[in-house]
Each structure stands twice: as C-alpha cells, then as structure tokens.
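Input: a single structure, listed below in structure tokens.
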Amino acid sequence: MKQDEVDGDDYDADNINSEKENSKKLAKSPVVELVKTGDLFLNKTVLKARFELCAMKHNFHYTVTNSNKSVWCIRCADKKYVGVHSCEPSSKTSAGKTASAKTIGSLIMHKYEGIKEGLKAKDIVQIMRNDYGCEIFDSLAWDSREYAVNAVRGIPEESYGKIPKYLHMLRETNSGTHSSYETGVNGRFRYLFIAFGKSIRGFSKVMRRVIVVDGTFLKSKFKGVLLVATAIDGNSNLYPIAFGIVDSENEQSWEWFMRQLKVVVADDNGLAFISNRQVSIAKKLEKVYPLARHGICIHHLLNNVISYFKGKGLAGLISKASKAYRVVDFKKMFAHVCNISPAIGNYLMEADVKKWARCQFHGYMHTHRLTIDVEEKIDRRIEKGKTFGVYPVTDSQLLVKGDTIDCFVDLDKQTFSCGKYDLLKIPCRHAIKVGFFVGREPYTLTDFLYTMRAWREAYQESKNPISVPEDG
C-alpha cells in the first residue's frame, strides 16, 4: 500500500507531543470492517492503526516488508498475497496481531481532555469490546491509558523542566506574586512555592491574621506532598494564601515552606497559626515565626481521641468545651471529661489546653466555620435579647440581666464578660441589647471583617492564568 509523503512510523515517549495531531485524526477516522483497495488515509499513522484494529478484530497477522516516507508494504504472515486476500481465522498458524497501546490510546485520548480522572483500564477494555469488537488485556488497556494521558496532558518527566519558565510567566502576569523553586544536587525536583499577589494583598487588608497550615499526599506519578497555608474570610470561605509542593513532609521541607511564607506574611504577635499536632510543624513554626501564636486544630484532636482512646462518646463534650467562651464554663466541662476518662483528659492536657481551647488561646482562633449568615445570627440574637434588662453602672459601663448569666459591658474597651463578642467580633445578644439601649445599630458593632466592603476588597482582583510554556 502506498501514499505520497506519508509520515514516519517511529514512536518514542520523548516525541509524544508531536503525535497529538495524528492521534486526533485517528480518533475521528471511522473504523471499518476491512481495509479495501482504493481506501485513502489521512497519513501513515492512521493507516497503520486501521490495520492493527482490523487484524485484531478479524484474527489475522501480517508482517511489514518495507517502510519509508512514501511506502508501507505488508504481507500476510501465513501465506503469500494472491489477488484477493482470503486468509480465514481457522487457517492461521499463530496468534493474531494485537493493536498497540499507541493505537488504542489515540482512539480514546479525547476522553481525557478537560477532565481530572478520565477512563480507567477496565473502562478501556469495555470500550474496545463494545465499540470495536476487540478483546484486549488489562495490561494493554493500562499502557493505552498512559499513552492517552501523556498525549493530552504532556509527559510528566518533561513538565519539570518547564517549571522555571512557568513561574516567570506567572510572576509577570500576576503582580506581587512570590514563587520559589529548588532542586537537589542531582538536579531532581525538591521544593516549589507559589503565593499569588492578589491573595497576599487580600489577606493583609481584610482577613483575620489566622493561618491554617496542613499537608496532603499527592497521587500523581511522582507522588510528593502538597503544603498549604489558608485563611478564612468573613463569609466562612477558605481563602488560600500559599501553596507548596515538596518531595516529602519533614522538618526540612516545612522550614523551607515557612521561610518562603515569611517573605509575604511577616511575623508578629497578632499572627496565629493553626495546625495538627505534627512535631515538625510545631518546631519549625517556633523557629521561623517566634512571635506568632500556635494553636492545634480541635478536629485533629477529636479524631485522635476517637481512634486511640475509643472516645467517640466524649467527642461531643470535648468539642463543646473547646468552643466555650468563658474560662469558668470550659473548666467545668473539661473537669467532667477528666472524671469520665482520665486517660483522655491527660492526653488533652499534654496537648496543652491553651492551644486548642478557644477561651484559653492567647490570640484570635477563628477555626470553626459559621453555619448561617451573620445577618441571620444578629436577627436571632435580637429576638433573644428582647426580655433582657440593661442597667447603667457608669457612662460607658453597663450590666445586662435576664440571661442565664449577668453580662458586664464596657463600651469604651468593647469587652463583654460573656466572652462571645470578645472572641468572634460579632454582636452577641448582650451587645445588641446594649447597642439599642445607647442608640447604636447592631451592625455598627460588627467587625469590619464581616462587612460587604471587606468581602469585595478580598476578591476584587483576579488571578491571571497562563498556558503551558512552549518548548525551546
């Protein structure tokens, strides 16, 4: 079979990207029952793929006798071609030819475009059976998947070489962005850090200075760990500040990540970090951010209590204690926990209550997510406060009675003995009642963080995406 100026037939993983156009043509090319005299093909790749599929479907085998840029000659493996090819499956002396991973991958590559996962090996086996009438092994299906994924998304090994160029383009199109990239002595990837300028400015202007740091394992071919630093906006949405990818999660990688973060978020007494109990995080926070506070995520502690102490029955009480606004309420509930399970009590004390109890933490610990809008909270608290009485003590100090506890209010210092307003900066029912008493609307007592203006300022800028850098 001949065709003028047909493509070369060599395939290598290093030039897979140049095959993408041929693969797209093959995916659009109809697969017929037989290849007939007079058929025309877009190129040599499509021709070869068609023969592979036909041979596999109709159970025959062939050998290539001549192949160059203008000719592709084949002959039946069982007998010489005479006029009309008449080989039947029963007359062959060896197993039929199997389509290559490249051919099958080219047929299915469009199913991986624009999606995260795509077909699995078992799905490919089913497609080849139903759509093409061919049976293939799981191993071939897996290789075909690898080819298709690499053709669509690029070869992972090659993508590492594009990182410096990508980071440069990212900084050019996103003002104020900080990035860093580090390799080992052998040139292999070690660390990557990205903090978008827009996120840095939003956090600095209108976010509580509380950062949650955590890591999670990556499931890509080369694994690694994703490290993140995240804040929470006034509407309880996660607000990413920085991302890092490291070869493994250890003290060295966490210190490197913290030092990069310190470039965009300075250390000070008003800053707080929340994390799990991983020792490497605590040690490196203390070293890189000596002025900042460090708290422990209560959800992590509760998971440990349930896993290590079978303390599911106490999880609710511990959670309630951690969220107490007054020290006296916390001590009462925590004492109850210790009486029920001294082992769990000791574990929580070893973790340091000042790091996980809201009322004991020396800083602002905004780790819980609000379940309803702030406006709805205020409306509900207005209803609850209608029966309360307000009694002036001085010009700026008042006493609110009628609740389960009497609340002492200092308007000049904006402190409330119930503790709720002091920690959340959302008017509690006592603050709302006092506000009405002195002629102030409830919203004027709400922290700027929860206002529409702050929310708009946090998201008024856009991140500018960039395409994959070209080779060369």
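The values are calculated or read from the model by the stated rules, or taken from the named source; none is laboratory data. Every value quoted in this text rests on a predicted model; they were computed, and no experiment measured them. Neighbour counts run over all protein chains shown; Cβ positions are idealised from the backbone, glycine included.
If the condition is being more than 30 Å from residue 100 (Cα to Cα), in contact with a strand residue (DSSP E or B) (Cβ under 7 Å, 6 or more places away or on another chain) and surrounded by 14 or more Cβ atoms within 10 Å (Cβ to Cβ), then region 144-176 contributes 163, 167, 170, 171.
Residue count for region 381-402 under the criterion of being at pLDDT below 85 and surrounded by 13 or more Cβ atoms within 10 Å (Cβ to Cβ): the result is 4. If you go through region 178-205, how many residues are under 28 Å from residue 450 (Cβ atoms) and not charged (D, E, K, R)? The total comes to 8.
When 372, 378, 405 are checked against the criterion of being at pLDDT below 85 and assigned to a loop (DSSP other than H, G, I, E, B), a single residue qualifies: 372.
Can you confirm whether residue 146 is among the acidic types (Asp, Glu) and within 30 Å of residue 263 (Cα to Cα)?
Details: among the acidic types (Asp, Glu): yes; within 30 Å of residue 263 (Cα to Cα): no.
For residue 146, the condition - among the acidic types (Asp, Glu) and within 30 Å of residue 263 (Cα to Cα) - is not met.
None of 151, 195 is over 30 Å from residue 459 (Cβ atoms) and in contact with a Phe, Trp or Tyr (Cβ under 9 Å, 6 or more places away or on another chain) except 151. Answer yes or no: is there a residue in region 410-429 that is of a type in the set (Asp, Glu), closer than 19 Å to residue 208 by Cβ and over 33 Å from the mean Cα position of the chain (by Cα). The answer is yes, given that some residue of region 410-429 is of a type in the set (Asp, Glu), closer than 19 Å to residue 208 by Cβ and over 33 Å from the mean Cα position of the chain (by Cα).
Taking the conditions exactly as written (surrounded by fewer than 21 Cβ atoms within 10 Å (Cβ to Cβ) and without any contact (Cβ under 8 Å) to a residue 12 or more places away in the chain), does residue 185 satisfy them or not? Yes: the conditions hold for residue 185. Given the residues 308, 325, which is the only one that is assigned to a helix (DSSP H, G or I) and of a type in the set (Phe, Trp, Tyr)? Being assigned to a helix (DSSP H, G or I) and of a type in the set (Phe, Trp, Tyr) holds for just one of 308, 325, which is 308.
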